[in-house]
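Let me begin by presenting the structure, written as structure tokens, before commenting on it.
The values are calculated or read from the model by the stated rules, or taken from the named source; none is laboratory data. It should be emphasised that the depicted structure is a prediction, and the values quoted were computed from it without experimental measurement. Positions of Cβ are backbone-derived with ideal geometry, glycine not excepted, and every protein chain shown enters the neighbour counts. Remember, those area values only see protein heavy atoms, side chains included, never the ligands or the DNA or RNA. Shrake-Rupley method; radii C 1.70, N 1.55, O 1.52, S 1.80 Å.
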Amino acid sequence: MNRHADAVRQAERQRIARDIHDDLGQSLLALKIELGALQASSAGSHPLFQQQLGSLAGNVDHAIHALRDIIDDLHPLAPGQSLQQAMARQLGSFSRVYGIAHSLRVATGAPDPLVDAVIFRVLQEALANVQRHARASRVDVDLARSADACTLTVRDNGGGLPAGAAPGCGLRGMRERAAACGGSVVIDSALGHGSTITLILPIGCH
């Protein structure tokens, strides 16, 4: 892997994320505040007008959430936040929103922005797959490190995949991210027995 080129791309992603947050994000937030004030000041006006204002406010909320998703994808780890903290935050939010219990074990290691970003994004994709397809009640996440590799394992207790099922876009995206760092992603699944997604990254990329 050309680490210099990847470092340049990562820095550019971070710059774009900051620009989006500072410009478009602040504009949307200001619009949300102005709409809220307009709703409050026009209370008791024609019901259709109130309905239209409510629809506009809902669209702005949707745009803000979509914008946050884009920023998270461009720059998944907040400044000063460790990979373990980011994983715990993601899993905590996942459990609150979808009611799926989780466990997390993380072996500590020297931070590497490029590799940590791959690990975190693969975790995000794996959790999205669990939420969309697995019908699971629990997911267990483990990040292990050895002398040769770091390994992320995401295991759910859902319905699993039938034999010969084609991988979805999410799994292809995980494999592309891993391959860019010299790693691989494998999935072990059986119908009725849940799924296990394993990301393996060589320690040399660290």
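Tell me the carbon and sulfur percent of the accessible area for region 79-130, rounded to whole percent, probe radius 1.4 Å.
The value for region 79-130 is 54 percent carbon and sulfur by accessible area.
What is the gain in length, in nm to one decimal, between Glu176 and Ser42 on full extension, counting 0.36 nm per residue of separation less the C-alpha to C-alpha distance?
Value of the extension gain: 43.1 nm.
Relative to the present Cα-Cα distance, how much length would full extension add between Ala110 and Ala63 at 0.36 nm per residue of separation?
Stretched out fully, the Ala110 to Ala63 stretch lengthens by 13.3 nm.
Under the 0.36 nm per residue contour assumption, what length would be gained going from the current alpha-carbon distance of Gln52 and Asp23 to full extension? All intermediate terms of the calculation are to be shown ahead of the outcome.
Details: separation 29, 0.36 × 29 = 10.44 nm, distance 2.60 nm.
Result: 7.8 nm gained on full extension.
Return the FRET efficiency for the residue pair Arg96, Ala147: r is the Cβ-Cβ distance, R0 is 25 Å, and the value is rounded to the nearest 0.05.
0.10
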